[in-house]
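Everything on this sheet refers to the single structure shown next.
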Ligand code: HEM
């Protein structure tokens, strides 16, 4: 500092004061003000530049004794009241900030994993790590033995018990299911789904589940699924991939899969093909509105209820986006319902047993199926939206991660190709082919590779529950009715105490038994499709679609990720890739 000051003074030709200070003739305070900053007069002055004050010096200069004026050697500051008050305020602010820092550091405790602050709990750490929330959960849960209590702010009722312990999951999802409904908090967060199956508990859920199971397992729905899946691959996916491969274009596979599953799900649920998967890649407002709604719902998980409710009331931020998205979704669904009702009323849509039939037609035309349930507009709206979310997002996310893993694991890719060849007559082995659903349904290695991908990248990365009554989990943790219990499915796939030391590796072989059949893993260990009475009702639908798509791509094309493309998970209720999956596709056969 002294050297710097010396240089400044030397430039001004004024080194006398430093010399006097050195000789202990004046105190440091006398020369300090000239060291830094600028005074009103334009000279170096710490005080004036900070506080813009009027200072008078003994010599009557309007400066401060910095450089000009008689009193520059002995600056006696004469401060006005206002000046003094503002200086005091500055001190107080610094003091409060400093004291808070010391107090928080002192009282904030850490267990070596997450710091727990007074009043705000672990929320700051949660928000700080939100961008890498999946990895952070895996890290914390791994180090804490599988269960971790995340303390929320003391005023926000946000305490959350995170667990990946299979014993806890079995207890919550199956053996003590009745004490762990989704709970009012879940229903509030997902309110845009209305009273659909995802967003209901107790009798409402039970009735809807019974009805949905009946429809999904019905032969005519299965037939519709088979026809739709094969048709979309043959007339939508293959021509599009041929097109991009011919032109050597880079394509975002995630976007293609979202389009594909949006089309197929829309057809399965409403019977209409929106035609998103075409060479023109049209804009799809419905699809965009679903993305916006999902993002907003995720932010509700991490922001205190009072804050997002205030945002909703004020119509700002994510809540504004959510309400706009809901408007779009409602308008489009209303159109689906009215068109279908009209078609059925004029007899344009006869029941085609051999071709199969969509869910909306079944709801509207089959009183036996409805079994006394009220099939009003709200029921249909909530059901359609729930199915669209269930079918579009989960399956497209699963396909994206799967194709990425396969394209980056050449040995797995080769094994899948070998297995596919076994279903083709020898003469046609090296030719373009679209496989039938029956051909791919029994392939063990393909099935194992899909399960392995779902283990590492579960499309629904989190699940939560709320106990009705206080309870003690098998891990010994107490839970009460104010506490949220969160499962991180992403972390579960990365726990060595569940999957062994090679848990982070993509190894389809772990799903194959010694006898060469698919090895069954209990659902409380492999939770991708949920467990217990609320197990996913669309698991078979999803596998049928995924196998048809995966077989067509892997057999007919080489897929290579564009160099430098960064793959990482997003932060939302569905595990997508943050930047999509940019690839180049080349045809294997002419
Ligand atoms: C890879 C694809 C899929 C995955 C990973 C998946 C996963 C899940 C998960 C984790 C749940 C539980 C959600 C919760 O309770 O909050 C669930 C429930 C459900 N899924 Fe799927 N799903 C997939 C595909 C599908 C498809 C294609 C359909 C239907 C066409 C479907 C229909 C349902 C239904 C109706 C439920 C509600 C079950 C209930 O609450 O009783 N899913 N699914």
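A short reminder: the numbers here are calculations on the coordinates, not readings from a lab. What you are looking at is a predicted structure, and each value in this text was computed from that prediction instead of being measured. Using ideal geometry, Cβ is built from the backbone for each residue, glycine included, and neighbour counts are taken over all protein chains shown.
Details
- Based on Cα contacts under 8 Å between residues 6+ apart, segment 474-537 shows a relative contact order of 20 percent.
- For residue 424 and residue 175, a Förster radius of 56 Å and the Cβ-Cβ distance give a FRET efficiency of 0.75, rounded to the nearest 0.05.
- Anisotropy class of segment 166-587 from Cα gyration tensor, a/c 1.5 cut: rounded
- Model label sites at residue 302 and residue 568, defined 7 Å from Cα along the beta-carbon direction, differ in position by 1.2 nm.
- Ranking of 139, 263, 203 by neighbouring Cβ atoms within 10 Å, starting from the fewest: 203, 139, 263.
- For segment 495-578: rounded, prolate or oblate by the Cα gyration tensor [a/c cutoff 1.5]: rounded
- Extended-chain gain in nm, criterion 0.36 nm per residue less alpha-carbon gap, residue 191 and residue 432: 82.1 nm
- Shape call, segment 175-316: gyration tensor on alpha carbons, a/c limit 1.5: oblate
- Mean Cβ neighbour count within 10 Å, used as a protection proxy, ranking 183-194, 387-398, 310-321 highest first: 387-398, 183-194, 310-321
- Multiplying the residue separation of residue 378 and residue 411 by 0.36 nm and removing their Cα-Cα distance gives an extension gain of 6.9 nm.
- Centre-to-centre separation between the Cα atoms of segment 270-343 and those of segment 166-185: 30 Å.
- Förster radius 51 Å - calculated FRET efficiency between residue 513 and residue 330 (Cβ-Cβ, nearest 0.05): 0.60
- Alpha-carbon Debye profile of segment 144-196, log10 I(q)/I(0) at 0.28 Å⁻¹: -1.06
- Gain in span if fully extended, residue 309 to residue 119, counting 0.36 nm per residue against the direct Cα distance: 66.3 nm
- Span from the segment 525-590 Cα centroid across to the segment 219-256 one, whole angstrom: 13 Å
- Note on segment 427-572: Cα convex hull, mean projected area over all directions, 12.6 nm².
- With both labels modelled 7 Å from their Cα along Cα-to-Cβ, the residue 342 to residue 521 distance reads 4.9 nm.
- Kirkwood hydrodynamic radius (C-alpha pairs) into Stokes-Einstein, segment 447-511, 20 °C and 1.002 mPa s, D in µm²/s: 158 µm²/s
- Neighbour-count ranking [beta-carbon atoms within 10 angstrom, fewest first] of 283, 558, 159: 283, 558, 159
- Across segment 166-587, Cα pairs under 8 Å and at least six residues apart give a relative contact order of 26 percent.
- Computed FRET value (nearest 0.05) for residue 482 with residue 209, which takes r as the C-beta separation and R₀ as 35 Å: 0.80
- Take every Cα pair under 8 Å whose residues are at least 6 apart in sequence, average their separation, divide by the length of segment 455-590, and the relative contact order is 21 percent.
- Most tightly packed first, judged by the mean number of other beta-carbon atoms within 10 Å of their residues, the peptides 214-224, 495-505, 519-529, 293-303 read 293-303, 519-529, 214-224, 495-505.
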